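The values are calculated or read from the model by the stated rules, or taken from the named source; none is laboratory data. What you see is a predicted model, and the numbers here were worked out from it, not measured in a lab. With ideal geometry, Cβ positions are generated from the backbone for all residues, glycine too; neighbour counts draw on all protein chains shown. We work out accessible area using only protein heavy atoms, side chains counted, and drop any ligands, DNA or RNA first. Shrake-Rupley method; radii C 1.70, N 1.55, O 1.52, S 1.80 Å.
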Amino acid sequence: MDERQRTFKIVLIGLCIAHFLAFCASRYAETAGITGLLYPNGTPVGGDFINLWAAGRLVLSGAFSDIYDVDRFMAYERGFTGAAIGVRLWAYPPHSLLFAWPIGLFGFYAALALWSVAGLAVLQIGARRFGFDRLETAAILMSPATVLNLYSGQSGSLATGLLLVALSPRKGGGALSAGAAALLTIKPQAGFLLPLLWAFQRRWLLIMCTALAAIALAASATAFFGLDVWRGYLADTLPALSRLEREGSGPFTTMIPSLFMALRIVTDDADLASAGHLAFALSVALVLVLRLRQTDDPVRQSSLLLIATVLMTPYIHNYDLAILACGTLLVARRADVTAASPLLVRTLVVTAWLLPQLVVTFNVLGLPVSPLLVLPLLFLA
């Protein structure tokens, strides 16, 4: 390993440790005041994990239809929290329930601990399988995105780990890649570019196996839970989620680094923001296609995909940005890129690394510049 690259990785880990300590200090008063399942401000401990726990318990009780009826689902959560905890819904498609129900077997805090460990484990396995070295893997596991994902009880670490498994260049891992990609259909905004990459790589069998595995998951969910869960998901949950993203206000708008949210903040017009984001995403897709045609290096292709994923999806959140952290590490590896403009490249990498926190500040101030900070990395990749 180049000594300068090793030093940069150690510096990055140092920044991660500093961020973690600052984050813990900033949340001390909040965690010290926990009562039951709630922080002093009335929000649930573990953030959105409460949705997973509620969905798991509803599956075990057989109340499948309540999961995708937004009003009944939130009423169920209020029943065991004893408080109005805001808009909470189970946003994942019905085949997610095949994996959610075991969480309901445990008490809230035990389940939260297991969920957190599982996300970190999959992220670590994915990083090592993909080919990140020990220092890089440590940096990913301690990154601001991973810390926020733990605090929010979210699936960002799990999704990033699965994406890295799917992208793994190891030979003989086709079945594992297909399985990981099929699981990513539960969170499609993380893996939607995989078929495009595999088409350029002419991995037609992998695409077919992934499609068959995804169909099998959907069919299994239908067999276990019935068609009503799909109707509820499509007719109630998805429209509610769309309204929240297009019209909602509050803290969640500060957590989204996409051009869609940037335009929503600046113009207060969801239709204009959607149109602007679509044009931007198509432009990024064009750059991605042109570059995928020009290189057959699977690592460089993966870095392009990881960064393009963050730019193209409108609803990615700061706790999902381990995807970006992995992409930036691959850029930082490139001796030809870092040698040409070492200060610029490392500044962009560190900025992207800290983006999960920076996006909140930018969006609160009405200066949602996050997409402009990520875009140069696509070209460096």
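Values as computed for the structure displayed
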quantity: Output for the range 225-267, where each listed residue is farther than 30 Å from residue 365 by Cα, open to solvent by 40 Å² or more (accessible area, probe 1.4 Å) and either in contact with a helix residue (DSSP H, G or I) (Cβ under 7 Å, 6 or more places away or on another chain) or of a type in the set (Ser, Thr, Tyr) (or both); calculated: 228, 230, 236
quantity: Count of the range 340-369 residues which are in contact with a Ser or Thr (Cβ under 8 Å, 6 or more places away or on another chain) and hydroxyl-bearing (Ser, Thr, Tyr); calculated: 0
quantity: Subset of the range 191-209 that is open to solvent by 60 Å² or more (accessible area, probe 1.4 Å) and in contact (Cβ under 8 Å) with a residue 40 or more places away in the chain - its residue that is nearest to the chain's Cα centre (by Cα); calculated: 192
quantity: Selected residue (only one of 179, 173, 161 is small (Gly, Ala, Ser), surrounded by fewer than 24 Cβ atoms within 10 Å (Cβ to Cβ) and in contact (Cβ under 8 Å) with a residue 40 or more places away in the chain); calculated: 173
quantity: Test: residue in the range 286-295 that is surrounded by 21 or more Cβ atoms within 10 Å (Cβ to Cβ) and farther than 22 Å from residue 201 by Cα; calculated: no
quantity: Cross-chain or 6+ apart pairs with Cβ under 8 Å, the range 118-132 first and under 15 Å from residue 180 (Cα atoms), then open to solvent by less than 40 Å² (accessible area, probe 1.4 Å) and assigned to a loop (DSSP other than H, G, I, E, B); calculated: 119/155; 126/168; 129/168; 129/173; 130/168
quantity: The lone exception for residue 326 - which of (1) free of Cβ contacts under 8 Å to residues at least 40 places away in the same chain; (2) open to solvent by less than 50 Å² (accessible area, probe 1.4 Å) it fails; calculated: (1)
quantity: Residues being part of a helix (DSSP H, G or I) and open to solvent by 40 Å² or more (accessible area, probe 1.4 Å) - total across the range 34-65; calculated: 5
quantity: Among the residues listed as 202, 170, the single one being in contact with a Leu (Cβ under 9 Å, 6 or more places away or on another chain), at pLDDT below 95 and within 30 Å of residue 299 (Cβ to Cβ); calculated: 170
quantity: Residues of the range 77-128 classified as charged (D, E, K, R), more than 19 Å from residue 158 (Cα to Cα) and open to solvent by 40 Å² or more (accessible area, probe 1.4 Å), total; calculated: 1
quantity: Failed item, numbered, when residue 334 is tested on (1) over 26 Å from residue 188 (Cα atoms); (2) of a type outside the set (Asp, Glu); (3) crowded, with 23+ Cβ neighbours inside 10 Å; calculated: (3)
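Residue-by-condition table, conditions (1) out of contact with any helix residue (DSSP H, G or I) (no Cβ under 9 Å at 6 or more places or on another chain); (2) of a type outside the set (A, V, I, L, M, F, W, C); (3) more than 14 Å from residue 235 (Cβ to Cβ):
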residue	(1), (2), (3)
59	no, no, yes
69	no, yes, no
79	yes, yes, yes
82	yes, yes, yes
91	no, no, yes
94	no, yes, no
97	no, no, yes
